[in-house]
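The values are calculated or read from the model by the stated rules, or taken from the named source; none is laboratory data. Fair warning: this is a prediction, and the values are worked out from it, not measured in the lab. Cβ placement follows ideal geometry from the backbone for every residue including glycine, while neighbour counts extend to all protein chains displayed.
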């Protein structure tokens, strides 16, 4: 198992490399640059800007510089400065030497910030929201799916699946404003927009205080976001469980006189979770790295919008940073999923 | 009945949850009204009861629109959110009145202009100090000897030179580079000697600026945010201050001197400004009456929800809600439609097939029912544009004085012009191959579809609609592939007609680009080469008599929109806002730059 994980982590770097090359190539191939404005900037101003951000160098040099700044630890006797061009995610002092690692570069459109600032300040909020939405999705989706499968073709099944269809077909852009209008504007029970945590965060992503001031903001968005995912989980759980129940080993378990409850929990459920766990990987990665519409609807200062605005702004470092971050989350989530397979189905072995 | 029962039980459940969380709720309230212990007890008993603001400081909540404010560094600011913070936290040598657009004194008490109109000598106020928020209150910044740091002419010189320095890579440095003597070379890195730039410190409170042209708008440019004083000790460091470099504008570091100063900037979420009690208060920039102003960074729709929930004091009205707001008795009383210094227009590529004939262009322009578009599609009380420079700008013609200038909706006239062209070319209207291009957006799409229909109805021409993503589009309309008809809008950088008609449409302007200035031929946009027009806008810029200037700009507009018909002006922007009745405010026409130091709250 250890060797398998190590191999997969090396594979992560290969994926990162390939994705970074493709992204870098594509974003420079698209017409338009970060400093193209409605009012064209004078040549001298463009030259100053290009020089500051090294956009005047050949593309290969730019790529090399980027990867060097991100991947290779820098050693220096100088303490980190407050320059935006010298902002590293990790700064460690060993004796007289500073080790600085991972400089994802400055943002071109937010002239006072770096990509690392976005990772430090906005990613934690998206992670909090995403984890809660995932929790909502599982808490609603799993029981609904199991109930529907066990009571197939009864009122429970139809009701559960209706809820699931509703969840899939009513997107956040509709559900969000409805929730805001009912609980925020009419009843005034919850604040319509905003988020109850701000930097600094515990362990890099948890809010410093978990009180009502945090929770009152964190009720509507995870429900609005998680409902759609819960529907997917419910339908998948139902389909998978229905299939497993018809397997021979379930008949065997029943034949040897096992209680129905034990048959379901020990034998059927565990095996039926494999497809559910499979989609949880990408779902997790997508939810925790930011969700554009939910964050915009509820005014949550997360990372979601950077995936979209960075591209329309041609904000190269932010495009690269957000994409690479997503890749890391996706690959690691899938690795966790693979490890879970081995636990859920003992027949799966990786060595 | 059952439904009601369910709702009640839900409410009971909710109140139990609320009750469970009450210790925290009490804490929150305590932090708001620290002094009033007695009142907090009352609030504990009924958490949803009356807000306790009355006794506390006056606070205001406004919205700046989605996305983080790009920067609050005056050297780097380019957009309206950034400059909104700039004008509140700092003050330029002069200040534009946000309603009348007149140039008023700012940090300069008065200024004298040399006889050739090039050298301006500004006398600065000597009673303004740098301030910062220290975590509990606003304090004066002190120098290494412990004396308060005054805002001096040196700080202005440092600010101007920092904006111009090539390493700063400021977008808007071009305004100074264009206007100030020697600034272009310094900005382009041709010289590193700051003394070659036309900015000279005579003494601590006297600053001399030398300009390239004896232009009417020099005093305005001197008051722009790119020419604000900046704190050298904070940015570069000195004996008693740690250098903060690019990060000097962050919470805890920022220093300013305007009527407000930065209290907290939670990126992507909100900026809170706090009143600067050390701002002396002048006739044009009084001391602030509202103690704290919070700017949220919300999309228009959630911001409007916050307004309706009572958590926002003024906000824009989303297009989808305009009809409802107009019909609602409370909201309609809070509604205000105010002009904004922007113009929406369609440009014609005057070298492209079909639209290379001025009769076709003018016919297309005259066939647009602008009022109909505004009433049925835009709905925000916009004004139909007859020419390009929006009335209200210095030097721009106004509808009162020039009711018949430019283009108006005239379907018969349009048809006659087009028929003349068709007869000459021996064509029919449906044979004309025309394309209108715009950048991808549902708003532009709606406008384009409406105008496409007007052209079809009034002229019988079929115009194809094409859209492209914004940055791709910008490349397209500024190159040799410029389509026959394209759309853009223009908003002021400084409120003068020069910033509109000359900077956009004279050769090399953003709507008439010239990639290779040596050949003197335009490369896209309206593709217009008209010596008479060029001479007219140059003459207008130099004219110092306001009445004559307006006349010159009116003639230039006539050349642009009628004689050449190089553009079809469509509408002049307005802003649709709602403001709570207890807010006493002014409405800025400067595109988002609100003078909040003049506002008050009377509950």
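So here's what we get for this one:
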{"item": "Residue that is farthest from residue B:489 (Cα to Cα) [pool: residues in the range A:16-35 that are surrounded by 14 or more Cβ atoms within 10 Å (Cβ to Cβ) and more than 14 Å from chain B (Cβ to nearest Cβ)]", "result": "A:16"}
{"item": "Number of the exception - residue B:174 against (1) on the phi < 0 side of the Ramachandran plot; (2) surrounded by fewer than 20 Cβ atoms within 10 Å (Cβ to Cβ)", "result": "(2)"}
{"item": "Tally, over the range A:204-223, of residues that are under 16 Å from the mean Cα position of the chain (by Cα), more than 12 Å from every other protein chain (Cβ to nearest Cβ) and not in a loop (DSSP other than H, G, I, E, B)", "result": "2"}
{"item": "Extreme residue, farthest from residue B:186 (Cα to Cα), among residues of the range A:47-63 that are away from chain B (no Cβ under 14 Å) and surrounded by 17 or more Cβ atoms within 10 Å (Cβ to Cβ)", "result": "A:63"}
{"item": "Qualifying residue in the range A:289-306 (condition: away from chain B (no Cβ under 14 Å) and more than 11 Å from the chain's Cα centre (by Cα))", "result": "no"}
{"item": "Yes/no for residue B:317 being away from every other protein chain (no Cβ under 14 Å), within 30 Å of residue B:503 (Cβ to Cβ), buried (at least 18 other Cβ atoms within 10 Å of the Cβ) and at pLDDT below 95", "result": "no"}
{"item": "Positions within the range B:154-182 being outside any helix (DSSP H, G or I) and under 24 Å from the mean Cα position of the chain (by Cα), in sequence order", "result": "B:169, B:170, B:171, B:172, B:180"}
{"item": "Selection within the range B:275-293 - surrounded by 21 or more Cβ atoms within 10 Å (Cβ to Cβ) and either out of contact with any strand residue (DSSP E or B) (no Cβ under 7 Å at 6 or more places or on another chain) or assigned to a strand (DSSP E or B) (or both)", "result": "B:275, B:279, B:293"}
{"item": "Verdict on residue A:54 being free of Cβ contacts under 8 Å to residues at least 40 places away in the same chain, under 22 Å from residue A:324 (Cβ atoms) and in contact with a helix residue (DSSP H, G or I) (Cβ under 7 Å, 6 or more places away or on another chain)", "result": "yes"}
{"item": "Selection count where residues are more than 9 Å from every other protein chain (Cβ to nearest Cβ) and crowded, with 23+ Cβ neighbours inside 10 Å, scope the range B:239-253", "result": "0"}
{"item": "Given (1) within 17 Å of residue A:127 (Cβ to Cβ); (2) within 11 Å of another protein chain (Cβ to nearest Cβ), number of the condition residue A:200 does not satisfy", "result": "(2)"}
{"item": "Test for residue A:194: is it within 12 Å of chain B (Cβ to nearest Cβ) and either within 30 Å of residue B:169 (Cβ to Cβ) or buried (at least 17 other Cβ atoms within 10 Å of the Cβ) (or both)", "result": "yes"}
{"item": "Condition check for residue A:173: within 14 Å of chain B (Cβ to nearest Cβ), in contact with a helix residue (DSSP H, G or I) (Cβ under 9 Å, 6 or more places away or on another chain) and at pLDDT 90 or above", "result": "no"}
{"item": "Residue B:101 surrounded by fewer than 22 Cβ atoms within 10 Å (Cβ to Cβ), closer than 25 Å to residue B:593 by Cβ and either within 19 Å of the chain's Cα centre (by Cα) or at pLDDT 95 or above (or both)", "result": "yes"}
{"item": "Failed criterion for residue A:111 (all others in (1) under 30 Å from residue B:514 (Cα atoms); (2) in contact with a helix residue (DSSP H, G or I) (Cβ under 6 Å, 6 or more places away or on another chain); (3) in a loop (DSSP other than H, G, I, E, B) hold)", "result": "(2)"}
{"item": "In the range A:312-343, the residues that are part of a helix (DSSP H, G or I), within 13 Å of another protein chain (Cβ to nearest Cβ) and more than 18 Å from the chain's Cα centre (by Cα)", "result": "A:312, A:316"}
{"item": "Residue match in the range B:589-599 (condition: farther than 24 Å from residue B:226 by Cβ and either assigned to a loop (DSSP other than H, G, I, E, B) or under 26 Å from the mean Cα position of the chain (by Cα) (or both))", "result": "yes"}
{"item": "Only one of B:502, B:549, B:538 that is assigned to a helix (DSSP H, G or I), within 14 Å of chain A (Cβ to nearest Cβ) and touching a residue at least 24 places away in the same chain (Cβ under 8 Å)", "result": "B:502"}
{"item": "Candidates B:218, B:311 - the one that is within 14 Å of chain A (Cβ to nearest Cβ) and farther than 30 Å from residue A:86 by Cβ", "result": "B:311"}
{"item": "Where residue B:344 falls short, out of the listed (1) part of a loop (DSSP other than H, G, I, E, B); (2) within 13 Å of chain A (Cβ to nearest Cβ); (3) at pLDDT 95 or above", "result": "(1)"}
{"item": "Number of positions in the range B:206-225 that are more than 20 Å from residue B:497 (Cα to Cα) and crowded, with 21+ Cβ neighbours inside 10 Å", "result": "2"}
{"item": "Members of the range B:234-260 found to be assigned to a strand (DSSP E or B) and either within 25 Å of residue B:169 (Cα to Cα) or not assigned by TED's automatic domain parsing to the domain that holds residue B:75 (or both), listed by number", "result": "B:238, B:241, B:256"}
{"item": "Single residue of the range B:139-185 satisfying the filter (more than 11 Å from every other protein chain (Cβ to nearest Cβ) and without any contact (Cβ under 8 Å) to a residue 12 or more places away in the chain) that is nearest to residue B:277 (Cα to Cα)", "result": "B:139"}
{"item": "One residue from A:274, A:300, A:348, A:279 being touching a residue at least 12 places away in the same chain (Cβ under 8 Å) and farther than 20 Å from residue A:233 by Cα", "result": "A:300"}
{"item": "Filter result for residue B:200 (modelled with pLDDT of 95 or more and surrounded by fewer than 20 Cβ atoms within 10 Å (Cβ to Cβ))", "result": "yes"}
{"item": "Residue in the range B:74-82 that is in a helix (DSSP H, G or I), modelled with pLDDT of 90 or more and either more than 30 Å from residue B:285 (Cβ to Cβ) or within 14 Å of chain A (Cβ to nearest Cβ) (or both) present", "result": "yes"}
{"item": "Extreme residue, nearest to the chain's Cα centre (by Cα), among residues of the range A:36-46 that are assigned to a helix (DSSP H, G or I) and more than 7 Å from chain B (Cβ to nearest Cβ)", "result": "A:46"}
{"item": "Residues (within 14 Å of residue B:527 (Cα to Cα), surrounded by 15 or more Cβ atoms within 10 Å (Cβ to Cβ) and in contact with a helix residue (DSSP H, G or I) (Cβ under 9 Å, 6 or more places away or on another chain)) located in the range B:462-494", "result": "B:482, B:483, B:485, B:486"}
